[in-house]
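Taking it in order: structure first as structure tokens, then the write-up.
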Amino acid sequence: MFTLIKKFITKFSEERYFHIKFKLILLNTLFSAIPLVIVITITYFFISQIVHDEFKNNLKWQMEETRHSLEFFISERISALTFLVNSYPDEYFSDEKKFSQLFFNFKKEFEGIIDMGIVDENGIQILYTGPYKLKGKDYSQTEWFKGMLLRTDYVTDVFLGYRKVPHFSIIIKKQSVYRDKFWLLRVSVNMDILQKFVSNLEIGTQDDAFLINKERILQTNSKLFGNVLEPLKLNNIRIETDKRSIIIHDIDLNKKQAYIAYVPIKGTPWILVTTICSKPYKKIPSFFTKEVTLISLLSIIITFIVITKSINTLVNRIEKADHEREIAIANAEHSDKLAAIGRLAAGVAHEINNPLAIINEKAGLMKDIIQYGDLAQNKDRFTQLIDSIQDSVTRCRTITHRLLSFSKKIDRGREDFDINEAIKEVVGFIEKEIQTKGINMIFNFQENLPKIITDKGQLQQVLLNIINNAVDAVEQGGTIDIKTVLLDTNHMEISIKDNGPGIPKDKLKRIFEPFYTTKKKGTGLGLYISYGIIKKLGGDIQVESEVGKGTIFKLKIPVNPELEEIK
Amino acid sequence: MKKTKILIIDDESELVSALTERLTLRGYNTFGVTNFADGLKFLNKIPDVVILDIGLPDMDGLEVLKKIKEINSSIQVIMLSGYGDDEKVNKSLNYGAFDYLIKPVDIEELVSKIETAKLKKEEAEK
């Protein structure tokens with residue numbers, strides 16, 4: 001993968017440009033992705049909150065619906081029974097046949113009714129119609145009977161009773177015209193009807209809905225917390241029975257986050273309870289996450305491609321410009337070398353032409369003597385002239401040897417030598433020019449300097465360049481002061497000071513830049529190359545100048561560069 | 001016939017002595033000096049032609065040329081130098097030098113230049 005990316009990024013690039021590209025692409029892609037990640041994160045939490053709220057609202061709405069249905073179911077039956085009690089003549093509640101007829105009609109209209117009975121003021125069921133034999137049963141000790149002394153209607157908890165089947169009763173009181181006389185109409189309803197109501201809640205398979213009474217006894221079967229009439233197995237959860245509105249709060253159910261919602265059913269002893277463990281609110285965010293992850297990934301890939309393409313183009317242009325610059329510098333360096341060679345050649349030509357002229361004239365004179373005079377008389381003269389010619393040949397040989405030794409030194413690498421001698425050799429090359437200009441050369445050389453170990457040819461190239469500049473800078477009869485001094489055990493300083501016009505500050509800071517020159521015919525590379533050489537030799541080059549007073553170049557050179565390298 | 005007076009100014013004494021002798025052998029009244037200060041003494045005698053080296057120890061050759069022309073503009077000066085710097089050649093010709101020769105010089109060529117220079121001086125004096 002990395003190789004593929006590298007291939008895609010590099011495309012003809014050198015290693016150093018690949019690193020620039022890689023860093024730029026990585027940084028740009030990262031910075032581009034950050035806002036995207038922030039927006040996605042915020043949106044995710046925002047949507048999660050909305051979905052969560054939506055889930056709670058939906059649960060509330062379903063609970064409300066079920067509560068209303070249950071309340072309606074109960075109130076409808078209470079109203080119907082109250083209507084029966086108050087509208088039908090008393091014989092319907094004393095005559096067994098008519099009572100049975102009434103029950104039959106009522107059961108036909110109202111679902112879930114099991115049986116019907118009349119209980120007198122003593123708690124004895126005096127009339128009964130239904131599948132069980134419950135006539136004559138005493139209910140005087142039951143909760144509901146006691147409760148009916150003060151109330152006109154009553155809905156009981158789910159209980160087993162005499163029949164031993166879970167059911168609940170709705171009881172309506174008929175007050176007699178005589179004081180303290182009453183009878184009760186009791187209708188039993190199958191518990192299954194309640195189960196049906198709670199089953200209508202649209203909940204998940206891991207979720208549960210059931211009814212409990214205020215004593216936390218299950219009034220319907222529960223999937224998770226026990227069967228009907230068993231105590232609710234959810235002891236650590238507090239359920240507030242006095243609240244009228246729907247309460248939702250999160251609970252820890254078997255170490256899992258869950259929600260519990262509950263609401264009391266008005267006019268009954270029941271509380272509708274729902275527990276949600278399935279986390280339906282998590283489904284939409286995960287869907288959102290998938291979609292958004294895909295889109296984000298796609299965006300990042302597109303961003304990466306665009307950034308890579310643009311950075312590729314940009315860096316390729318820089319690379320091309322760098323190459324062009326390198327070629328230009330190489331060409332200019334070549335031109336500078338040619339110019340230096342030209343200058344050197346001019347100096348050498350002058351140096352050699354003088355002795356050549358002497359040879360020419362002496363030889364010519366010898367020829368003249370032969371032609372115009374007596375050869376025998378001029379024997380001594382001839383010897384003198386031949387000596388003079390030989391002297392001039394020696395002079396030429398010295399010059400050519402010096403030149404050859406200089407050219408050989410350029411590629412010789414490190415060697416140990418006397419720095420003062422090396423400086424004098426350099427000055428020797430331009431001696432004639434110095435002489436012509438009447439320049440006063442002052443040598444302040446520290447004596448007994450240690451031998452320096454460095455590339456002599458390259459150092460002399462730098463010295464030649466700087467001394468040449470000084471010669472160019474000074475006026476006729478100017479002064480150049482060359483000083484050597486040992487700074488510490490491993491460093492010496494060569495300073496070349498001239499009393500030329502000096503360099504203004506704005507120009508001074510640019511003199512080591514390539515192609516910057518203050519001379520009419522300069523290439524602007526002499527000091528640039530010199531700076532590079534000195535740095536390569538492990539030294540440093542500094543320049544100070546004052547307009548009207550002159551310029552001083554200070555070269556700090558390590559005596560033994562190997563000691564520096566060890567450091 | 002009056003001999004042509006030639007003054008040679010060059011810092012190379014060996015060259016000056018040989019050239020002086022050779023030109024003398026060719027019938028010229030030749031004087032040789034190695035610096036401008038000595039040359040001044042002979043300039044008062046108004047030489048016909050001066051053979052002048054461009055690089056002197058005490059004064060730049062171009063400056064010497066100007067001085068000679070100040071003394072007597074009819075004196076013809078043949079410049080002599082070790083290298084053919086175009087800028088110096090042009091400058092010296094502008095300052096009134098008769099010609100410019102690069103060392104080493106062929107004696108016959110020099111004699112020919114001297115003769116032409118002498119004619120020019122004579123014309124200038126008329």
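Annotations for the structure displayed:
- Matching residues in segment A:173-224 - criterion: being hydroxyl-bearing (S, T, Y) and surrounded by fewer than 17 Cβ atoms within 10 Å (Cβ to Cβ): A:S176, A:Y178, A:S199, A:T205
- Members of segment B:93-109 found to be within 14 Å of chain A (Cβ to nearest Cβ) and either surrounded by 15 or more Cβ atoms within 10 Å (Cβ to Cβ) or not in a helix (DSSP H, G or I) (or both), listed by number: B:Y100, B:L101, B:I102, B:K103, B:P104, B:V105, B:D106, B:I107
- The set of residues from segment A:432-490 being under 55 Å from the mean Cα position of the chain (by Cα) and part of a loop (DSSP other than H, G, I, E, B) comprises A:T489, A:N490.
- First in segment A:468-492 and within 14 Å of chain B (Cβ to nearest Cβ) and exposed (fewer than 14 other Cβ atoms within 10 Å of the Cβ), second anywhere and among the β-branched types (V, I, T) and assigned to a loop (DSSP other than H, G, I, E, B), Cβ under 8 Å, 6 or more apart: A:G477/A:I439
- Residue ID - farthest from B:K2 (Cα to Cα), chosen from residues in segment B:21-32 that are more than 8 Å from chain A (Cβ to nearest Cβ) and either aromatic (F, W, Y) or surrounded by 22 or more Cβ atoms within 10 Å (Cβ to Cβ) (or both): B:G32
- Residues in segment A:64-99 that are hydroxyl-bearing (S, T, Y) and either in contact with a Gly (Cβ under 8 Å, 6 or more places away or on another chain) or part of a helix (DSSP H, G or I) (or both): A:T66, A:S69, A:S75, A:S79, A:T82, A:S87, A:Y92.
For (1) in contact with an Asp or Glu (Cβ under 7 Å, 6 or more places away or on another chain); (2) buried (at least 19 other Cβ atoms within 10 Å of the Cβ); (3) within 30 Å of A:F45 (Cβ to Cβ), each residue gets a yes or a no:
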residue	(1), (2), (3)
A:I237	no, no, yes
A:I248	no, no, yes
A:Q257	yes, no, yes
A:I260	no, yes, yes
A:P269	yes, yes, no
A:S296	no, no, yes
A:S310	no, no, no
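- Of all the listed residues (B:S112, B:S74), the sole one being surrounded by fewer than 20 Cβ atoms within 10 Å (Cβ to Cβ), away from chain A (no Cβ under 13 Å) and touching a helix residue (DSSP H, G or I) at 6+ places or on another chain (Cβ under 8 Å) is B:S74.
- Test: A:T293 is among the hydroxyl-bearing types (S, T, Y) and outside any helix (DSSP H, G or I): no
- A:K409 surrounded by 12 or more Cβ atoms within 10 Å (Cβ to Cβ), within 28 Å of A:N490 (Cα to Cα) and modelled with pLDDT under 70: yes
- Segment A:225-235: number of residues that are modelled with pLDDT of 85 or more and crowded, with 16+ Cβ neighbours inside 10 Å: 5
- Residue, modelled with the highest pLDDT, within segment B:46-64, restricted to residues that are away from chain A (no Cβ under 14 Å) and surrounded by fewer than 24 Cβ atoms within 10 Å (Cβ to Cβ): B:D48
- Members of segment A:197-234 that are aliphatic (A, V, I, L, M) and in a loop (DSSP other than H, G, I, E, B): A:L201, A:I203, A:L224, A:V228, A:L229, A:L232, A:L234
- Any hit, segment A:144-157, residues being in contact with a Lys or Arg (Cβ under 7 Å, 6 or more places away or on another chain), among the aromatic types (F, W, Y) and not in a loop (DSSP other than H, G, I, E, B): no
- Selection count, segment A:500-512, where residues are surrounded by fewer than 20 Cβ atoms within 10 Å (Cβ to Cβ), touching a strand residue (DSSP E or B) at 6+ places or on another chain (Cβ under 7 Å) and not hydrophobic (A, V, I, L, M, F, W, C): 1
The values are calculated or read from the model by the stated rules, or taken from the named source; none is laboratory data. Everything numeric in this text was worked out from a predicted model, so none of it was measured. Glycine gets a Cβ as well: all are built from the backbone with ideal geometry, and neighbour counts include every protein chain shown.
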